[in-house]
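A quick write-up on the structure given underneath.
The values are calculated or read from the model by the stated rules, or taken from the named source; none is laboratory data. Just so it is clear, the structure is predicted and the values come from calculations on it, not from any experiment. Every residue, glycine as well, gets a Cβ built from its backbone with ideal geometry; the counts of neighbours run over all protein chains shown. With ligands, DNA and RNA removed, areas are computed over all heavy atoms of the protein, side chains included. Shrake-Rupley method; radii C 1.70, N 1.55, O 1.52, S 1.80 Å.
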Amino acid sequence: IFVSDIDKRKRRELELENRAEHDALTGLINRQTASLLLPEMLDEATTSDSTSAFVIIDLDDFKTINDQYGHLSGDTVLSGVGEHLRTAFRKNDLVCRWGGDEFVAYCNDLSRSDIVERMEALCGKPWTAVVGTAEIKLTFSAGIALIPDDGIEFETIYQRADRALYQAKAEGKAMFRFYDRPPRT
């Protein structure tokens with residue numbers, strides 16, 4: 001009985017730890033956990049000869065889902081987005097719900113052509129979410145910063161990927177853009 005009690009307690013501790021590190025709706029890593037992991041991952045990227053990518057992903061027009069179908073339906077959609085994003089990236093990539101309908105992914109040792117292929121698959125065609133009896137077509141926009149080309153500090157990488165995301169949104173959504181350095185004057 002004593003061993004059984006320890007086993008139950010240990011399982012409960014692991015379950016609580018998992019809940020603290022993951023977003024309840026999507027099952028993805030949460031922002032707090034990603035914020036702890038990303039600086040270490042960026043440090044590792046600077047010591048390797050490979051390229052890594054930091055991607056900010058936004059669900060296009062998510063507000064209309066909440067407005068039209070209600071917040072519980074929006075939660076259902078976000079739950080499905082978590083699974084959809086897990087399949088869009090590799091198992092060892094960090095995929096996180098950053099907040100609201102914004103997600104981030106960090107892909108280590110990935111060529112530019114590989115990230116283009118993944119982003120074309122993610123952003124290039126609508127994804128269907130089922131809410132009650134309605135099928136809703138959703139699209140994603142993404143902004144990408146490459147490590148080390150676009151920087152090595154988290155704040156810099158985030159700002160540059162965010163700038164690229166807003167460029168994609170401004171150009172019509174359902175697309176992705178790489179950070180493009182402004183020309184020197």
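Quick notes on this structure:
- The listed residues are Thr87, Thr139, and the only one of them that is β-branched (Val, Ile, Thr) and farther than 25 Å from Ser35 by Cα turns out to be Thr139.
- First in the range 51-79 and at pLDDT 90 or above, second anywhere and assigned to a strand (DSSP E or B) and among the acidic types (Asp, Glu), Cβ under 7 Å, 6 or more apart: Ile56/Glu102; Asp58/Glu102
- Considering residues of the range 91-139 that are of a type in the set (Asp, Glu) and in contact with a Ser or Thr (Cβ under 8 Å, 6 or more places away or on another chain) only, the residue farthest from Glu44 (Cα to Cα): Glu135
- Residue that is nearest to Asn66 (Cα to Cα), among those in the range 121-135 that are out of contact with any Phe, Trp or Tyr (no Cβ under 6 Å at 6 or more places or on another chain) and surrounded by 17 or more Cβ atoms within 10 Å (Cβ to Cβ): Ala129
- If you go through the range 85-116 and pick out every residue that is in a strand (DSSP E or B) and among the aliphatic types (A, V, I, L, M), you end up with 4.
- Subset of the range 123-145 [under 14 Å from Gly80 (Cβ atoms) and among the hydrophobic types (A, V, I, L, M, F, W, C)]: Trp127, Ala129, Val130, Val131, Ala134, Ile136, Leu138, Phe140
- The one condition from (1) open to solvent by less than 20 Å² (accessible area, probe 1.4 Å); (2) free of Cβ contacts under 8 Å to residues at least 12 places away in the same chain that Gln159 does not meet is (1).
- In the range 31-50, residue nearest to Glu153 (Cα to Cα) [restricted to those that are of a type in the set (Val, Ile, Thr) and modelled with pLDDT under 90]: Thr46
- The range 99-115, residues that are touching a residue at least 40 places away in the same chain (Cβ under 8 Å) and farther than 17 Å from Asp61 by Cα: Val104, Ala105, Tyr106, Cys107, Asn108, Asp109, Leu110, Ser111, Arg112, Ile115
- Residue in the range 166-176 that is surrounded by 14 or more Cβ atoms within 10 Å (Cβ to Cβ), out of contact with any Asp or Glu (no Cβ under 7 Å at 6 or more places or on another chain) and part of a strand (DSSP E or B) present: yes
- The condition of being touching a strand residue (DSSP E or B) at 6+ places or on another chain (Cβ under 9 Å), surrounded by fewer than 21 Cβ atoms within 10 Å (Cβ to Cβ) and of a type in the set (Lys, Arg) holds for Arg90.
- Being of a type outside the set (D, E, K, R), closer than 24 Å to Val130 by Cβ and surrounded by 21 or more Cβ atoms within 10 Å (Cβ to Cβ) is a condition met by no residue of the range 41-51.
- Residues of the range 125-152 that turn out to be closer than 19 Å to Leu78 by Cα, part of a loop (DSSP other than H, G, I, E, B) and free of Cβ contacts under 8 Å to residues at least 60 places away in the same chain, as a count: 3
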